[in-house]
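> Here you go, one structure.
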Amino acid sequence: MTARQTERLGISTLEDISTLILQSHDLDETLDNIVALVAKRMRTEVCSIYLLEDDRETLRLRATKGLSRKAVGQVTMRIGEGLTGLAAEERRVVAIQEPQSHPRYRYFRETGEERFHSFLGIPLFDRKTPLGVLAIQTKDPRQFSPEEISTLSTIAFQASSIVINARLLDSIRQKEEESKRFARELAKTRQSLIERQPAPADTGDTVLRGTVAYPGLVSGKVHILDEGLGFADILDEGEARSTEEIQRLEDALEKTRIQTLFLEKRVAERLSQDDAAIFHTHLMILEDRSFQEKLQQKITEGHSAPYALKKVVGEYIEAFSRMEDPYLRERAADMEDIGRRLLGNLVGQNNHPLQLKHPGILVAREILPSEMATLDHEKIRGIVTEAGEKNSHAVIMAKSLGIPALVGVKGAVRAVTPEDRVILDANSGCLYVHPPPHIVEEYRRLEEDCSRELHRLEEFRDLPAETRDGVRICLRANIGLVSDVAVALRNGAEGVGLYRTEFPYMTRSDFPDREEQYQLYAKVAAGFNGHPVTIRTLDIGGDKALPYFTPPREDNPFMGWRSVRVSLDNRDIFRTQIEAILMAGKEAPVKLLFPMISSLEEIRACKQVIEEARQNLRKEGCEFAEAVPLGVMIEVPAAVQLAPLLAREVDFFALGTNDLIQYMLAADRNNPLVNKYYGPLHPAILQVLRNVAGVARREGKGLCLCGEMASDPLHFLLLTGMGIREFSMPAPFIPRIKAFMRDLSLKTARKAAREVLTMSDSAAIRTHLMKVLESIENR
Ligand code: PEP
Ligand code: MG
């Protein structure tokens, strides 16, 4: 192997090793997976792992690929015995050709290892303490190069951490088992004792599992985004001491005022003065004398401060909701918001999403897109949700910000309290609550490894996105908020293939006016140094709602009044947005994209609105770009069918596979129950993608695929093979995909695409692509 091949091999093997835990349920399975992977990647006939027993003197064969399976668990040796023992004894790499002729060689009949003519043993350590030995053997006499030895040493280092973690997990499981067993035994004798017995979650170390939405490894303190801080839980405790309760109220009011001022300032800095204005209204309510007097009155009647607050806020909300004027009716929501923050301060747990005091890991039952939009992203190091939607917009936003996220973690909110220390391993899908010091130490090391890897990927940021045989591919970013611009630039995005404008709309208290939108779009577009920014018009509905625009109740919101349908029914709002986009086009290159188009009439109606917008702007004497390229999202099956006709109406297509897959396969993208039906590799989907790519090519139109699937190398390989040359994805994936592309030749990609397009089941397609992927990595 050449040095470069060895280096790449090491890196890809390391990546795979970190995902191995995903498939491993206990230590033995983990070890089996490691030896199989290493033997395959190093192209050796044998890879074995020997671990030290508790006596710290005996090495036992725990897993092997290549030696007799019967020997596993049976073969033991003392430290210093045989070549494996030598590596452990001298704590060094032992590399030997023709091991049989080495004076320290010892033959273990059970293994059948006499067939092998080279041996490489690498000691495994837990910090400085020996842990075992990773050994490889080959049939041919082989001189291991220094690069191979160094690669294998790094792999061994990684394998050591996995072994340590797997051991710890096993011991935690054992502990949980023990405590369960103990509880069962107690149950037989005295029922009452069981109640006092700590549940597994209280044993001090809990591991919760979930589905990885965005990979990564972080640790830190917990922030709970708990909508559960509700008035429903506040009961009248009777006979409260008025003076103390009034003091409690004063303190909470003061705290809430300060927090509100702080919120106002921060939102003004991050978004705009107008956005922050709502908090000014909150301050006025908090200062309002009659509000305060009502609270005090209730307290002097003998109620506790929280109960008084519940009553008074309840009365206000009811009064506001009965108002005729829609503006005043909306103040009910503000009252609710203020009430919750005040209550949080009264009971000493204020979890308002905007008040993250320090960087930490956000744990929530679910995160609404509007919450995600208002959270301070700088302070979110990781995300854990109980809800299991991998493609929800909140998760998409987390991905675009590069925040490790785990979804579907059952019982997460109950398992943690604010400020708990947790480790979020969004590579293996684990959340460790109250991890013991050795796990913390191990993860600290792993975290360092991860950040080294991220650092390495940074090298690719400024390199052109090119395949191994020099085919240029364009990688753009999907963005939603202004803060995404910096993330996109940091990751080397060539402009924006999808700017989801609904996100900035979500953070406001009303529809932004044209000037505000223009300022925002112009600022975003100007940030990309001449690369185009594709601005998609409002795509609300489905799982995206605006706080000030209540959609009608619908049984099927994804099939309902959504996206461009809402825009066409609210022409003024629609035209205003288009005017702002056209104006921004004067400042920097922008493209205009319409979502969810399902007929020609719709795109023609959109074009008519563009014409009205132009006329309006001309009449007002506003400058705007006359020739903004126009595109449609292909994300509804009807648009696929109509693609040749749509192509004549527009300049480019944006392939929205997130929706296209759900509509084609009738599988809600957010519903974990039908997750298994939501398959990007479904043969029907592949055919559709191939067809759309063909139409765009034949009609000479641009095509950018901007669904989440593009960021997975497995899919990327196939899509490139189908002829797609422009992709838009959450920016943190760009360097990874660039790195992958440098190993990918177009010839391989095309061949793979041709092959899978003849296949008829998703599992076979996946297996085939996995093989191609492995052959690329092993090259
Ligand atoms: C899509 O549907 O693939 C898409 C990119 O749009 P969104 O995820 O915003 O619906
Ligand atoms: Mg969509």
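> Lysines near residue 410 by alpha-carbon distance under 18 Å, same-chain residues fewer than 8 away left out - which ones?
Hits, sequence-local ones excluded: 390.
> Short version: ³J(HN,Hα) in whole Hz for each residue of the range 662-674, in order, from phi by Karplus 6.51 cos²θ - 1.76 cosθ + 1.60 (θ = phi - 60°), x for Gly and Pro, what are they?
5, 6, 5, 9, 6, 9, 3, 5, 9, 9, x, 5, 10
> Using modelled amide H (1.01 Å from N, peptide plane; none on Pro or chain starts), what sits under 5 Å from the amide H of residue 219, excluding residues fewer than 5 places away?
Amide H neighbours of residue 219: 424.
> Name the long-range amide H neighbours of residue 465: under 5 Å, sequence gap of 5 or more, or other chain; modelled H, no Pro or chain starts.
For residue 465, whose amide H was placed from the backbone, the distant partners under 5 Å are 473.
> Can you run phi through the Karplus equation (6.51, -1.76, 1.60; θ = phi - 60°) for the range 727-733 and list ³J(HN,Hα) in whole Hz, with x for Gly and Pro?
9, 10, 8, x, 3, x, 7
> Can you list residues from other chains, or at least 5 along the same chain, whose modelled amide H is less than 5 Å from the amide H of residue 533?
When sequence neighbours closer than 5 places are left aside, the close amide H contacts are 496, 590, 591.
> I'd like the Karplus ³J(HN,Hα) series for the range 633-638: coefficients 6.51, -1.76, 1.60, θ = phi - 60°, whole numbers in Hz, and an x wherever there's a Gly or Pro.
Ordered by residue, 3J(HN,Hα) equals 6, 9, 9, 10, x, 4 Hz.
> Please give the solvent-accessible surface of residue 321 in Å², to the nearest 10, using a probe radius of 1.4 Å with every protein chain present.
60
> Still on this model: Test of the criteria: in the range 40-142, which chymotrypsin sites (Phe, Trp or Tyr not before Pro) are in a DSSP loop and have at most 13 other Cβ atoms within 10 angstrom of their Cβ?
Here the sparse-neighbourhood loop sites are 107.
> Moving on. Quick one: which of 399/586; 40/399; 221/399; 255/379; 676/771 span more than 25 angstrom between C-alpha atoms?
399/586; 40/399, as the Cα separations exceed 25 Å there.
> Stretch residue 674-residue 262 to full length: gain in nm at 0.36 nm per residue minus the Cα-Cα span?
Extra length from residue 674 to residue 262 when fully extended: 144.0 nm.
The values are calculated or read from the model by the stated rules, or taken from the named source; none is laboratory data. In this text, all values refer to a predicted model and were calculated from it rather than measured experimentally. Please note: Cβ atoms are built from the backbone with ideal geometry, for glycine as well, and neighbour counts cover all protein chains shown. Protein only, heavy atoms only, side chains kept; ligands, DNA and RNA dropped before computing areas. Shrake-Rupley method; radii C 1.70, N 1.55, O 1.52, S 1.80 Å.
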